[in-house]
Structure formats: structure tokens, C-alpha cells
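Report on the structure given below.
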Amino acid sequence: MGINIVGQIERINGKELSYGDFAERYLAKNQPVVISDLTEDWRAMEDWVSENGRPNLHFFATHFGKSRVQVADCDTREFTDQKRLEMSVTEFVEQWTNNDAIEESVLYLKDWHFVKEYPDYTAYQTPQLFSDDWLNIYLDNYQMHEDKDNFQKYDQISCSDYRFVYMGGKGLRSWTPLHADVFRSYSWYMKNCIYDIFEEVNETKFPGFKKTTWLECIQEPGEIIFVPSGWHHQVYNLEDTISINHNWLNAYNLSWVWDLLWKDYKDTEESIEDIRDICDDFEAICQRNLAANTGMNLNDFFIFMSRFSLGNMVVLQSYSDKHKALNSCSSAMAQNLLLNLSTIGKIMMTMISAGGVTSEEVYMDLRETLEAPQFLRLVRDMGRTYAMIHMEEEDQVLSSKELLQKLSGFTDPKMQICSPKDLVEMINHHNTFFSHLLA
């Protein structure tokens, strides 16, 4: 069926785009853009590409061949996604280069956690424009979900990161069905999702689809496309392709993440409503199923936001101790950190209204957190990231003892965050103090 394509996605030279302009024009407005000239110095541009411009499959088979990866069979639909297979990279390369096998089905390597698997091989540097990435900074230091019921510190639900490598052949036969990226790079959990916009779409099931307008673009080698939160998209490989994909979140799209998480929670609750009366802990089952389906549950999200808020406070406290006299010209980094905190505070207020966290076991002890090595690593990563984004010098983080003393004025005497309400109060006290300091 025909679709209504109304225009092309805007294109811009990344070297001419500051972070502030990118945030104002695309992050804040949630608009897509294709960005060029940011990948020339990537190692991947040399190692992963043959002299003829095609993917260097021999390099992958030689250096990463033993890795086990998920591969989509693009000819076989499975619910709202494509059938998934598991194989080694070597096996995938062999099938890609075997013309007879390709005629039977097209395989598309997807969701390979390459950065996590090969941390010592720096294939690329995340561009400055995309570095305010709360999700992957957090997951480099913590697991998102802990399965306390099964007495395992971390279980199979936990996602290692949201940085992926994709590899697929040319000719429109390796492709990704319609989806919207929020937590995952594919949306198998979505209810009643359109699979292919070029097939006949049931207007009764999807009312208004024929009135939908679309943008299109051809992403050339070395270009980056920014896909905004909630924008559905469908992708085809016109040439043999290796792509690098990140899912990420920050203050500009945190509300989208919360909205999806709450919707998935209500869907999860509804799907098992018939067993509510016979369950000893119906809420715990809902949270368990939500984590399995979405990658985190409401409790995980609350702890994520609590740790990340505390990290912002630590970085800002360390920054302010070094820069005693701040003004509007030198405090872009500080304003960014305050924006992060105020945004989290707003989402926590929404969470309070919804009644999102009810478990008494979910809390964060500030003393234990500030002394934990993984939290100090998180703070180090955050400080380095925001210093790079705003072209500041990286500051030395204060000691745990100094931080406890400075932060004690913003927190409950028990030094615990036990609820979204506690977190909101701590953020409000902190931001009020620093807003006066930065005025």
C-alpha cells in the first residue's frame, strides 16, 4: 500500500553543531536529524571496512568470531518482530557469504553488545552530542535489575548495556520492522504493533494509519541519524551494512521513559488481574513480570533515579568547590546538572501521584552508597562526561567523608531515600541552595 511521505529529514554537519544548539534544536524539540562528519577518526572506519567500501567480514570472523550473537531471520515473522536465531559471528559470516543460503533467507545480526564484550577494543568514541547518556553510564556501573526473590545478586533479566552493533546484507532484504526506541532497540513487547508499513494495514485495528505522514532519508556511510523518543521508524539496508546503535536517555526524554514504563506496568497488571485474589504478593509478581518484559520495573527505575540524582549532586558539589565564583558564562555544566535534578524531581512527583513504589524494601542508604566503589566509579564517569560535553576541566571528586558532611544538609537525618517523596525533598533542598549560588 502507499504511504504519505511528506519530506526528508534535516541534514547538518556535526562539526558546525554545538552541544547547546543540538540540545535546543533537536533534543528539546524531539526532532530527528542526520549528522555528518563525526566518524572519520573512528577505528571502526578503518578496521571494519574493506578497501572496496564493503564490510570487512574476514576481520570480524578473525577477531570476534567466537562471540555468540542474536540474528534475525528477516523472511520469518514472529509476533511483532522477526524470528531470532543464535549463532557465532563466524557462522553468521559464513552464511552471509554463502549465496545459496542467502537465497533461502536473509539473516540480520542485531543487538550485539559489542562494547560490553570487547571493552579493550575501542571501535569508536561516542560523539559529544550524544554523550549525556544516563542509561549506559549507569549500566557501566550497576545492573538495572536485582532478583532478590531467587537469591541471586543479578539474573538473566539484567541488561548489560544499550550499545549495539548490527550487520546485514544489501538489497532491501535485511530490514527492521516498524518500532519505536525507548528502552530497547526493537519492540517485541508492544501490543498490536504494525509490522510493515508497506503491507496492507487494517484500518479497523489501526484507525488513522492512512492519514499518518512520514519522513524518509538515506543514511550514507559515516553519517549518524538521531531518532527522537517515540518516533516509529522502519529500516532497510540498501547496501551491505555495519551499523552502531545506541539507545539512551537524559533529562530531555525522561518523561517518555516514565510514560512507557507506567503504561507497561498497567498492561502487566491487567494481564494477570485474574490471579490477584489468590496471590500472596500480587504487586511483586507485577514488578517481576514488568522487569522481564521491559528491562526494568518501577522499583529499579526509582533506585536508578536516586543513584543518578546523588551522582549529579556529588559532581555539582565538587564543581562548585573548585569554581567558587560562578557566572552565566562559566556555569553551563552546573546548569545542566541542575536541569537533570529538576527533571528527575518532576518525574518523581508524577510517580508519587501514580503510587509507583510501594515496597518497603526499596530504599537507598546514602552513607553506604557514597562509600561504594561502584558509585564512585559512576560519579567519575559522570564528571568526565559533563566536563567533556561542556569543554571544562575534569574536577577531582571530594572524599566520601567530605561529601557526607556537605550533603547532610539536604537529606533526612537517617540519611536514607526510602520513597520518591524523600528524593523530591532532597532534590528541592539541594537545587534551592545551588540556584542561589549560581544566580
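The values are calculated or read from the model by the stated rules, or taken from the named source; none is laboratory data. These numbers were taken from a predicted model, which means no experiment stands behind them. Methodologically, a virtual Cβ is constructed for each residue, glycine included, from the backbone with ideal geometry; neighbour enumeration extends over all protein chains shown. Only protein heavy atoms, including side chains, enter the accessible area calculation; ligands, DNA and RNA are left aside. Shrake-Rupley method; radii C 1.70, N 1.55, O 1.52, S 1.80 Å.
General observations
- Unmet requirement for ASP155, which otherwise passes all of (1) open to solvent by 20 Å² or more (accessible area, probe 1.4 Å); (2) within 30 Å of LEU378 (Cβ to Cβ); (3) at pLDDT below 55: (1)
Yes or no, residue by residue, for (1) hydroxyl-bearing (Ser, Thr, Tyr); (2) touching a helix residue (DSSP H, G or I) at 6+ places or on another chain (Cβ under 6 Å); (3) modelled with pLDDT of 95 or more:
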position	(1), (2), (3)
PHE22	no, yes, yes
VAL34	no, no, yes
ALA44	no, no, yes
VAL49	no, no, yes
THR62	yes, no, yes
LYS66	no, no, yes
GLN70	no, no, yes
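- Selected residue (only one of ASN336, ASN340, ASN299 is open to solvent by 20 Å² or more (accessible area, probe 1.4 Å), out of contact with any Gly (no Cβ under 8 Å at 6 or more places or on another chain) and part of a helix (DSSP H, G or I)): ASN299
- Test: residue in region 57-67 that is closer than 21 Å to ASP181 by Cα and either buried (at least 17 other Cβ atoms within 10 Å of the Cβ) or in contact with a strand residue (DSSP E or B) (Cβ under 6 Å, 6 or more places away or on another chain) (or both): no
- Any hit, region 8-19, residues being closer than 21 Å to PRO221 by Cβ, in contact with a Ser or Thr (Cβ under 9 Å, 6 or more places away or on another chain), modelled with pLDDT of 95 or more and open to solvent by 50 Å² or more (accessible area, probe 1.4 Å): yes
- Here ASP161 fulfils each of the conditions (1) surrounded by fewer than 16 Cβ atoms within 10 Å (Cβ to Cβ); (2) modelled with pLDDT under 95; (3) within 30 Å of GLU40 (Cβ to Cβ) apart from (1).
- Residue in region 185-194 that is modelled with pLDDT of 90 or more and either over 15 Å from the mean Cα position of the chain (by Cα) or more than 25 Å from LYS29 (Cβ to Cβ) (or both) present: no
- Counted residues, region 195-226 - those being assigned to a loop (DSSP other than H, G, I, E, B), among the aliphatic types (A, V, I, L, M) and either out of contact with any strand residue (DSSP E or B) (no Cβ under 7 Å at 6 or more places or on another chain) or modelled with pLDDT of 95 or more (or both): 2
- Number of residues in region 127-148 that are at pLDDT below 95 and β-branched (Val, Ile, Thr) equals 0.
- Any hit, region 103-113, residues being among the hydroxyl-bearing types (Ser, Thr, Tyr), over 21 Å from ASP300 (Cβ atoms), surrounded by 14 or more Cβ atoms within 10 Å (Cβ to Cβ) and modelled with pLDDT under 95: yes
- The helices (runs of 4 or more DSSP H) located wholly in region 356-439 that include 3 or more residues which are open to solvent by 30 Å² or more (accessible area, probe 1.4 Å) and in contact with a Phe, Trp or Tyr (Cβ under 9 Å, 6 or more places away or on another chain) occupy 420-438.
- Residue check, ASP47 surrounded by fewer than 19 Cβ atoms within 10 Å (Cβ to Cβ), over 17 Å from ASN245 (Cβ atoms) and over 24 Å from the mean Cα position of the chain (by Cα): yes
- Contact map, region 251-271: first residue without any contact (Cβ under 8 Å) to a residue 60 or more places away in the chain, second residue open to solvent by 30 Å² or more (accessible area, probe 1.4 Å), Cβ cut-off under 8 Å, separation 6 or more or different chains; pairs are THR268/ASN289; THR268/ASN293; SER271/ASN289.
- Test: residue in region 245-260 that is part of a loop (DSSP other than H, G, I, E, B), closer than 17 Å to MET382 by Cβ and open to solvent by 50 Å² or more (accessible area, probe 1.4 Å): yes
- Residue count for region 18-59 satisfying the condition of being over 14 Å from PRO127 (Cβ atoms) and outside any helix (DSSP H, G or I): 15.
- Among the residues of region 71-92, at least one is open to solvent by less than 30 Å² (accessible area, probe 1.4 Å), in a helix (DSSP H, G or I) and not small (Gly, Ala, Ser).
- The number of residues in region 261-286 being part of a helix (DSSP H, G or I), open to solvent by 80 Å² or more (accessible area, probe 1.4 Å) and more than 17 Å from SER353 (Cα to Cα) comes to 7.
- So THR62, is it more than 28 Å from the chain's Cα centre (by Cα) and either within 30 Å of GLU199 (Cα to Cα) or not basic (Lys, Arg) (or both): yes
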